[in-house]
Structure formats: structure tokens, C-alpha cells
Amino acid sequence: MRRAARLAALWTAALFALFAPQLSAEQSGGSPLPARVTLTPAGRYPHDADSFCQGLFCGGADGALFFYESAGRYGRSAMKRVSLDGKTLEKKKLPRKFFGEGAAALDGKIFQITWLEETCFVYDEKTLRPLERLSYKGEGWGLTENGAELIMSDGTDRITFRSPADFKPIREIRVFRTNPKTGRRDPIPRLNELEWIDGEIWANIFETTLIARIDPATGEVIQLLDFARYVPETCKGDPEKVLNGIAWDRAGRRLFITGKEWPVLYELTIENDPLKKGAE
Ligand SMILES: [Ca+2]
């Protein structure tokens with residue numbers, strides 16, 4: 001465990017050190033967000049420490065915010081509606097042979113992918129009533145949407161845009177950073193939980209405490225954000241209990257993050273957010 005944690009820390013540090021010098025020079029590809037955002041802690045809430053969070057996104061209106069959470073592990077996988085104070089409001093368990101992964105809502109439906117089972121479960125967004133199962137090829141890790149397409153990661157540097165009608169792939173990008181020393185495009189693999197934020201894709205990088213901001217047109221990483229200081233004491237050094245939950249409250253312009261079996265969910269705001277009320 002300790003060795004794994006050390007390796008994860010080294011991998012995080014290596015990525016961060018390699019790309020840090022470039023951050024301020026990046027452009028965000030048409031996003032309203034600045035090229036480099038600064039996050040400020042704004043709150044902390046309970047999160048079910050038995051929930052192996054694999055997918056998280058916001059539901060409800062600004063005043064009545066709740067979360068949809070996809071939980072993983074065989075025998076414990078589920079699609080849930082969860083309150084801001086960590087209570088499970090509704091829960092649909094997956095059959096034992098499915099390992100829940102990323103989830104997203106589009107066209108009044110919730111889509112929940114699975115790790116190795118090549119199955120996407122579809123639910124009614126309001127009632128969580130199961131509607132159908134769609135199939136795809138390969139591994140399923142993270143899922144989000146841009147209002148028209150579903151966007152999926154598979155544990156590599158690839159992100160695939162898919163049709164909500166049949167889950168078939170439409171196009172894909174490869175995520176990379178331009179190495180400041182060599183000028184080469186270094187692939188950024190192990191992309192996991194995803195969130196669409198203001199025209200960008202934000203992605204956890206598995207086994208690190210990093211979230212990458214990605215330009216969806218090119219796959220280029222705009223900025224790497226390090227969440228090391230948010231890892232709960234009880235999860236430190238455990239390679240399973242890693243950062244893996246990103247949800248964006250569009251109306252309130254709030255970011256929420258949690259992890260696999262983390263007892264806490266954090267609220268953060270973008271300090272230099274040009275669209276936040278009161279911002280200059
Ligand atoms: Ca998400």
C-alpha cells in the first residue's frame with residue numbers, strides 16, 4: 001500500500017513538474033474560463049464512505065441542488081440520487097456482474113457505463129426507472145455530456161464522443177500536453193471521471209490527485225489542478241480511495257469534488273471566475 005501511494009505521489013509530482021512551466025501561456029479554446037483558474041474551498045459536506053464513487057454530476061435547480069452518483073464494485077454498484085448533506089434519496093442497484101462507472105444525463109435520460117461489461121444502463125432522469133441497455137466495445141471509465149453528445153473515457157488518453165440515441169462513437173480526441181523541453185506531444189493516459197465545464201472537459205487522472213482541464217477540440221491539456229490537500233486523512237496511502245468525483249453546478253457556478261469511499265465532499269469556487277456574480 002505504502003509503495004503504491006509513493007508511486008502515485010511520484011507520478012503526480014512528475015506530471016505537475018513537467019507541465020507547470022507552461023500553464024500560464026495556455027489558451028482555453030474559446031471557454032469563458034481564464035487560461036489558469038484558481039480554486040478556493042467554499043464548503044464541505046458528508047459523503048457516504050461506503051460509496052465507491054465512479055461518477056458524479058449535479059441535478060436539481062440551484063436552490064434545491066442534489067447529486068447523481070454512480071457507485072462501483074461488483075455487488076455494490078448502483079445509480080443513486082444523493083442530497084447535498086450526503087443522504088441517499090433514491091437508489092437503483094446494478095446486477096452483481098456489473099461494475100458501475102461514469103454517468104451523465106442527456107435528453108431526460110441518465111446514462112451509466114460499466115467497467116468491463118460493455119453495457120450502458122439508461123434510466124429516466126426524473127424517476128430513475130430503468131429504460132434500456134445499450135452496448136459498446138472496450139472499457140468504460142468516465143462519462144459526461146456537452147448538451148448534444150455523451151463524452152466517455154476508457155482509461156487511456158482517448159476520449160470518445162458518442163450519440164445519446166445508440167451510444168455509437170461519433171469522433172474521438174487524444175489528450176496530450178506539449179512537452180516544453182522536447183516540443184513533443186506527450187499523451188496523458190488514465191483519464192477517469194469527467195465533467196463538462198464551460199466548454200471544457202475536466203478529467204481525473206487515475207492514481208493521481210490531479211484534474212486536467214482539456215480543450216475538447218484538440219485534446220490539449222489547458223491546466224493541471226492538484227487536489228492533494230483535499231485527500232481525507234483516512235484515505236491517504238490507500239490506492240483504492242482516490243480522488244474520483246467531479247460535479248459542476250452550472251447555475252451556481254460551484255465545483256464539487258469527492259473520491260472513492262471518501263467521507264467528505266468539497267465545494268470549491270473559481271476565484272477568478274469571470275461569470276460569477278460580483279466578479280469583475
Ligand atoms: Ca462528473
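Each value in this text was obtained by applying a stated rule to the coordinates, not by laboratory testing. In this text the structure is predicted, and so the values were computed from the model without any measurement. No Cβ is skipped: glycine too gets one built from the backbone with ideal geometry, and neighbour counts run over all protein chains shown.
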Does anything in region 197-214 have its amide N under 18 Å from the 7 Å Cα→Cβ label point of Lys236, and if so which residues?
208-210
Compute, for region 104-175, the length of the dipole vector about the Cα centre, with Cβ point charges of +1 (Lys, Arg) and -1 (Asp, Glu) only. Units Debye, rounded to 20.
80 debye
Measuring from centroid to centroid over Cα atoms, what is the spacing of region 245-280 and region 89-123 in Å?
24 Å
Label zone at Thr156, where the point sits 7 Å out along the Cα-to-Cβ direction: region 66-109 residues whose backbone N lies under 20 Å
101-102
Could you order peptides 257-264, 83-90 by the average number of other Cβ atoms within 10 Å of their residues, highest first?
257-264, 83-90
For the chain, what ratio Rg/Rh do Cα atoms give with a Kirkwood hydrodynamic radius?
0.94
Computed over the Cα atoms of region 161-247, what is the convex hull's projected area averaged over all directions, in nm²?
7.3 nm²
Add +1 for every Lys or Arg and -1 for every Asp or Glu among the other residues with Cβ under 10 Å from the Cβ of Leu265, and state the total.
-3
Can you list residues whose amide H is under 5 Å from Asn272's amide H, if they're 5+ apart or on another chain and H is modeled 1.01 Å from N?
Thr38
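Extension gain Lys97-Lys109, at 0.36 nm per residue separation less the Cα-Cα distance, in nm? Please report the intermediate quantities before stating the final value.
On the way: separation 12, 0.36 × 12 = 4.32 nm, distance 2.29 nm.
This chain segment gains 2.0 nm when fully extended.
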Could you tally the net charge around Gly142, taking each other residue with its Cβ under 10 Å from the Cβ of Gly142, Lys/Arg +1 and Asp/Glu -1?
-4
For region 217-234, 3J(HN,Hα) per residue [Karplus equation, 6.51 cos²θ - 1.76 cosθ + 1.60, θ = phi - 60°, Hz, x = Gly/Pro]:
7, 10, x, 6, 6, 8, 7, 10, 10, 9, 10, 3, 6, 9, 5, x, 3, 6
Nearest 10 degrees, 0 to 90: helix 2-19 Cα axis against the chain principal axis
50 degrees
I want to check the label-to-label distance for Glu118 and Arg184. Put each point 7 Å from Cα in the C-beta direction and report it in nm to one decimal.
3.3 nm
Tally Lys and Arg at +1 and Asp and Glu at -1 over the other residues with C-beta under 13 Å from the C-beta of Arg96: what net charge comes out?
+3
Largest-first ellipsoid semi-axes for region 118-179, taking √(5λ) over the Cα gyration tensor eigenvalues, angstrom
24, 12, 10
In a GNM of the chain with a 10 Å cut-off on Cα contacts, which of Gly142, Gly72, Gly43 has the highest mean-square fluctuation?
Gly43
